[in-house]
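J.: Dumping the structure here so I can ask a few things about it.
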Amino acid sequence: MPDDLADVYRSTYRALVRFLYRKVWDAARAEDLAQEAFARALVHKPANARGWLFVVAANMARDDARRAARERRHLTLLKSEPPASAPPSDEALHTEGEHSQVRAALEQLTPRDREVLLLWDSGLSYDEIATQTGLARGAIGTTLARARRRLVEAFEAGRTGEHVARG
């Protein structure tokens with residue numbers, strides 16, 4: 001592995017996994033996609049490896065979601081009894097509830113707002129976000145501020161059972 005890509009791996013891997021997790025909502029799948037993105041970077045040797053990784057990873061996550069949707073349409077689910085399990089603890093229920101509220105709030109955002117917010121949360125700079133999304137660098141701060149506001153509104157509305165329109 002070239003030294004510069006090794007440095008990018010050390011500084012970017014966790015942020016890339018976090019970014020992917022918020023796209024696929026499966027920690028193991030997010031790690032697999034991040035590893036695949038780095039494997040592709042070894043082959044392609046991009047000039048801006050960090051930005052390239054996030055673009056490729058986002059595309060892979062989107063393709064993965066499309067493939068899963070096709071499989072769900074084509075597979076017949078077998079009816080079976082749910083496995084017996086211990087009832088979840090109150091804390092686990094609360095945490096799971098919050099995760100699903102955040103997930104639902106993120107789904108209410110426009111794709112652009114969601115992408116900018118997730119890229120920023122993953123640690124990308126405004127320049128890297130602009131390159132990834134095609135927005136002007138000067139528009140990133142405004143878009144990010146609006147996306148944050150809309151996320152909070154959607155989250156709060158989800159707690160009260162309301163629906164917030166995309167803006």
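No lab work stands behind these numbers, since they all come straight from the coordinates. This structure is a prediction, so every number in the text was calculated from the model and none was measured. In this analysis, Cβ positions are derived from the backbone assuming ideal geometry, glycine residues included, and neighbour counts consider all displayed protein chains.
J.: Calculate, in nm to one decimal, what S100 and A27 gain on full extension: separation in residues at 0.36 nm each, minus their alpha carbon distance. Walk me through the numbers on the way to the answer.
T.: On the way: separation 73, 0.36 × 73 = 26.28 nm, distance 1.48 nm.
Between S100 and A27, full extension yields an extra 24.8 nm.
J.: Given labels modelled 7 Å from the Cα in the Cβ direction, how far is it in nm from R14 to R66?
T.: Each label point lies 7 Å from its Cα, and together they span 3.3 nm.
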